[in-house]
Amino acid sequence: MTEAPFPAPLYAEVAVDVAVPGADRLFHYEIPPELRGDIRPGQRVRVPFGRRLAQGLVVRLSAEAPAGVRELKAVAALLDPEPLLFPELIDLAEWLARHTLSLRVQALRCLLPPGVRRVRQRPRRPRVPGAGGAAAEAAS
């Protein structure tokens, strides 16, 4: 007898990287079919948040939509191929937020590896030494 494979979760609970008290909760997003099976807790995602896209961290997955919700926005992109935080570190962040009166997203940020917090939308233009600016004008 062969067992049916466990169905891929359809919904993600995401801590959106916005450090304001009103947003200090988990937001539910639908996982689009092309990302099902790829998204895991501890990975960063890009999600619609208000009128913009924001970065967030997947905290939990669920096979069922939250009660009373008719329509959910979908995860826009997966930013990491592998989780950055293990479930134990996510639990530690939850504990830190409760016991230090900090925001959940602040606790999660301090546990992320250095240099991975932000994903740039546009690359910075390289600075060219001596190519203008106040220092160049003052020297002439």
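Nothing in this text is a laboratory measurement; each read-out follows from the coordinates by a stated rule. These figures come from a predicted structure and were not determined experimentally.
Which translational diffusion coefficient, to the nearest whole µm²/s, is obtained for the range 8-79 from the Stokes-Einstein equation, given a Kirkwood hydrodynamic radius over C-alpha pairs, 20 °C and 1.002 mPa s?
177 µm²/s
Expressed in nm to one decimal, what extension gain is obtained for the pair LEU72 and VAL20 from 0.36 nm per residue of sequence separation less their Cα-Cα distance?
16.5 nm
So between VAL116 and LEU92, what do we pick up on full extension, going 0.36 nm a residue minus the alpha carbon distance?
Stretched fully, the VAL116-LEU92 segment lengthens by 6.7 nm.
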